[in-house]
Amino acid sequence: MEKKKKTMADRETKDGQDWVIEAEHVSYAYEGNDEKALDNFSLKIQRGKKVAFMGGNGSGKSTFFLCLNGIRKPDKGRIIIDKRPVVYRKRELLEVRKKVGIVFQEPDNQLFSASVYQEISFGILNLGVDEDTARRKVEQVIEELGISPFRERPVHALSGGQKKQVAIADILAMSPEVMILDEPAAALDSWHTNKVRRIVDDLAKRGITVLVSTHDMDYAYGWADEIVLMHRGQLIGKGTPLEVCSDAEALKKAGLEMPAVLKLYGRMKQRGILSSDTMPPANMEELEDCLANAYERRM
Amino acid sequence: MTKKEKILLKASAAFAALFAVAPAANAMHIMEGYLPAGYCVAWGLVCLPFLIAGFISLRNKVKENRRSMTLIAMSGAFIFVISSLKIPSATGSCSHMTGTGLGAILFGPSAVGILGIIVLIFQAVLLAHGGLTTLGANTFSMAVAGPLVSFGIYKLCGKLKANRRVSVFLAAFMGDLFTYCVTSLQLALAYPSESGGVMASAVKFLGVFAPTQLPLAVIEGILTVVLVIGLESYAGPELNNTGFLSGREKEAR
Amino acid sequence: MSVIDRLCYQSRLRYVNAEEKFVYAILTLIFCVASRSFAVALIAFAANGILTVGKGGISLSRYCRLLLIPVSFLVVGTAAILVDVSEIPMDAFAFPVGDRYLTGSRATTMEALRVCAAAFSSATCLYFLALNTTMTDILDVLRKLRLPSLFIELMMLIYRFIFLLFETAGAIRISQESRLGDRNYRTKARSFGEMGSALFIRALSRSNSLYDAMESRGYDGKIRVLSQQQPPRKKKILMIAGFELILAVLTIREIWVRTGGHG
């Protein structure tokens, strides 16, 4: 244990960052396809960060996620989780899947049991914990995610949003260090979308590294520490939201538009309403403050 | 009206009344508690070797490739769902396919044995078709005997290079007919006629279920053709990749 | 789709220990079938009715409607047992038809009535189990009975997947109907085939995804899940044992009488 800590500290001081996920020149093509789903894709993600993956359909986001927990093995390159390259053997893969959890886009593609309780208990029991510990964890997760009101109903009688909560719960019960949510708000009504966003924020607060794929630029801009842009399996942009969103060409290639907040900020600057030395706002509230300040100065 | 005509009228009226009740009866699941205890156990024992063979074959498939676990389960669910969907019958009343002919053609008779008994258990518990005591008898007629015949005819037609639609139709139709005959025989063995023994009783049961089962067999034949052809045209490569198809499709590709 | 499935989740007896319910239902079922006795049938019918409607909370009208489901088979099958075609008229009834008779004997009529009683009361046992126990709980009991785990796991998956497929089938049907897929019998058949193939294709791709999801959570070939069961209650066990003892005595007596012993 001591030796492990020392190596981690060494690595930290070497390049000053604690990388929990590293992808090195990863390429992957689905069987029977000529076109690559991932093309020489390299990426590093720091522990504890909130990262938004964006790009059109078919840009390779889901494929990349499946590489991160060893479901898909890259044709070329390698994946390194928590400083250890992924080894595609049973025991090592289990270790990786303990650390990296994926919540699939469609809950119906993930939930295999008709019982909420049994579904949530599946993952954690596979990690080899004893029954009592598993029970405690399952109860804890049910409580945290607000699943109690519908825990006794069969899964097939749940709404989409409720199924999503169960899907998140069954990953969370495994206490992952990295949580990946593939388009978590897809097909959810706004109440459930907000609920999922609160859950995601809560995860990040606990120090879990959260990767989210989304099409919602405004959400990504306000929420993420980092945005990753993908197009046709390649990395076309990575950086802080402001950096990425200022790269108009990359945005266009990824089929994305500037977040509304930045757009308005740009136009206000153009029209001289906001002075040219105003800092770009991170969200709606900051933009509101900028405009309010500018108005007051005029008065 | 002569006396004879009156009698014939009464008899045909009675028969017509029966006919009106009969269409509500669907595929021939023997209902819960209908067979004497000895026969329940006996038919269960008769099925056992087939079920064990089927189980071993499925277990080997899963050992070879764990991914086939969800696929096999989906196939079982598919058979259940197909057999639960109401299909329009020529008489206007509602019928249900058994789905076992389709299962035998797509997945092979050993898989259909195990999937069939699971489907029968769900049909008994979730839909009240069939029963737990009659599970042995129903499994034998619907999940073992019928599918074996379907599969055999399908293969035979294949060897004879018969027209594909005709092969599938005959396989499903004959499988259904055989199931119907086996069920009638099971009932006749349990309740032999006083005056004619088992054979006379079998004739009675065959006769009484004929109005529903014969048209049903035809419909099942037609719909199985439509399904199999549809699956092959739209899902050919996927089906092939699963390695779950019975031999012929693989040859045909 | 399944009224029974929906009802079992609402039953007031849902949280009673599943093994207790299972043992009660199966034992009573066995005695109904083994005895063919009117007494056993009546007791079982009454007990199941009281338990399911009274204690379980299923509405009486619903229960009656469910009991009608096997009736058509019962009527048809019993008619076939009852009525014989013979040259000799028998002692219960006889309708001359041509030079034969449509006839039945008293013994056969009695037997037919016994079959009806046994079948009907057995059906109520099955209904008791199905209406008051969720499938998940039934599978837990089967697991305890040491049925092969592959079998149980298949059942667990199939149970869930059935509902997935129904949803998909429903959606496909709706879209077909809005495109007038059922104008005549021919188009109906073709729509059915297209729906079936579309359903299976989606089922295939979904099964892949579900497997990925299970693997992502460490699936290694054995589905391990926790079960939520209330512990069995001594009082209930005693009541069940007492009840079944009564049925056992009646059954033995019935078999004794039937095999020619002097009761």
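The values are calculated or read from the model by the stated rules, or taken from the named source; none is laboratory data. This one's a predicted model, so the numbers in the text were calculated from it and none came from an experiment. A quick note on method: Cβ atoms are made from the backbone with ideal geometry, for glycine too, and the neighbour counts reach across all protein chains shown. Heads up: the accessible areas ignore ligands, DNA and RNA and are worked out on the full protein's heavy atoms, side chains in. Shrake-Rupley method; radii C 1.70, N 1.55, O 1.52, S 1.80 Å.
Things to note:
- If you check B:G103, B:G131 for being more than 14 Å from the chain's Cα centre (by Cα), buried (at least 24 other Cβ atoms within 10 Å of the Cβ) and either hydroxyl-bearing (S, T, Y) or within 12 Å of another protein chain (Cβ to nearest Cβ) (or both), only one passes: B:G131.
- Helices (runs of 4 or more DSSP H) contained entirely in the range C:132-230, each with at least 1 residues that are touching a residue at least 60 places away in the same chain (Cβ under 8 Å) and either within 10 Å of chain B (Cβ to nearest Cβ) or not aromatic (F, W, Y) (or both): C:135-144, C:149-178
- Cβ-Cβ distances below 6 Å connect the following pairs, each with a first residue in the range A:69-82 that is touching a residue at least 12 places away in the same chain (Cβ under 8 Å), a second residue that is in a loop (DSSP other than H, G, I, E, B), and a separation of six or more residues or different chains: A:G70/A:V86; A:K73/A:Y88; A:I79/A:V86.
- Members of the range A:156-190 found to be open to solvent by 30 Å² or more (accessible area, probe 1.4 Å), without any contact (Cβ under 8 Å) to a residue 40 or more places away in the chain and assigned to a helix (DSSP H, G or I), listed by number: A:A157, A:Q162, A:S190
- Evaluation of B:A90 against the conditions (1) farther than 20 Å from C:L74 by Cα; (2) within 9 Å of chain C (Cβ to nearest Cβ); (3) modelled with pLDDT of 95 or more shows that the sole unmet condition is (3).
- Per the conditions (1) touching a strand residue (DSSP E or B) at 6+ places or on another chain (Cβ under 9 Å); (2) modelled with pLDDT under 90, the sole criterion not satisfied by A:A186 is (1).
- Residue check for A:Q17: open to solvent by 30 Å² or more (accessible area, probe 1.4 Å), modelled with pLDDT under 90 and within 26 Å of A:V200 (Cα to Cα): yes
- Scanning the range A:198-238 for residues that are free of Cβ contacts under 8 Å to residues at least 60 places away in the same chain and touching an Asp or Glu at 6+ places or on another chain (Cβ under 7 Å) returns a single hit, A:G237.
- Of everything listed in (1) farther than 19 Å from C:A130 by Cα; (2) outside any helix (DSSP H, G or I); (3) open to solvent by 20 Å² or more (accessible area, probe 1.4 Å), the single unmet condition for C:G57 is (1).
- From the options B:A137, B:A217, B:A235, residue that is open to solvent by less than 10 Å² (accessible area, probe 1.4 Å), assigned to a helix (DSSP H, G or I) and at pLDDT below 85: B:A235
- Residue count for the range A:258-299, restricted to those that are touching a Ser or Thr at 6+ places or on another chain (Cβ under 7 Å) and basic (K, R): 1
- Residue check, A:G101 under 18 Å from A:L172 (Cα atoms), of a type outside the set (K, R) and within 14 Å of chain C (Cβ to nearest Cβ): yes
- Test: residue in the range B:172-187 that is modelled with pLDDT under 90, touching a Gly at 6+ places or on another chain (Cβ under 9 Å) and facing another protein chain (nearest Cβ under 9 Å): no
- Candidates B:L126, B:L115 - the one that is part of a helix (DSSP H, G or I), within 12 Å of another protein chain (Cβ to nearest Cβ) and surrounded by fewer than 24 Cβ atoms within 10 Å (Cβ to Cβ): B:L126
- When the range A:145-155 is limited to residues that are more than 13 Å from every other protein chain (Cβ to nearest Cβ) and free of Cβ contacts under 8 Å to residues at least 40 places away in the same chain, the one that is most open to solvent (accessible area, probe 1.4 Å) turns out to be A:P149.
- Qualifying positions in the range A:52-73 - more than 12 Å from every other protein chain (Cβ to nearest Cβ) and surrounded by fewer than 22 Cβ atoms within 10 Å (Cβ to Cβ): A:G56, A:N57, A:G58, A:K73
- Considering the range C:24-38, the residues that are touching an Asp or Glu at 6+ places or on another chain (Cβ under 8 Å) and more than 8 Å from every other protein chain (Cβ to nearest Cβ) include one that is surrounded by the fewest Cβ atoms within 10 Å (Cβ to Cβ), namely C:L27.
- B:V168, sole failed condition from (1) within 14 Å of chain C (Cβ to nearest Cβ); (2) modelled with pLDDT of 95 or more; (3) part of a helix (DSSP H, G or I): (2)
- A Cβ distance below 6 Å, combined with a sequence gap of six or more or placement on separate chains, defines the contacts here; from the range C:99-123, residues that are more than 7 Å from chain B (Cβ to nearest Cβ) reach residues that are among the basic types (K, R) and open to solvent by 10 Å² or more (accessible area, probe 1.4 Å) in the pairs C:R114/C:R36.
- If the condition is being in a loop (DSSP other than H, G, I, E, B) and buried (at least 17 other Cβ atoms within 10 Å of the Cβ), then the range C:60-88 contributes C:I69, C:P70, C:V83.
- Per the conditions (1) crowded, with 21+ Cβ neighbours inside 10 Å; (2) touching a strand residue (DSSP E or B) at 6+ places or on another chain (Cβ under 9 Å); (3) part of a helix (DSSP H, G or I), the sole criterion not satisfied by A:I124 is (2).
Yes/no per residue for (1) farther than 30 Å from A:D130 by Cβ; (2) open to solvent by less than 90 Å² (accessible area, probe 1.4 Å):
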position	(1), (2)
C:F163	yes, yes
C:I174	yes, no
C:N184	yes, yes
C:T187	yes, yes
C:A203	yes, yes
C:S207	yes, yes
C:A213	no, yes
C:K222	no, no
C:L250	yes, yes
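- The lone criterion from (1) open to solvent by 10 Å² or more (accessible area, probe 1.4 Å); (2) facing chain C (nearest Cβ under 7 Å); (3) at pLDDT 95 or above left unmet by A:Q140 is number (2).
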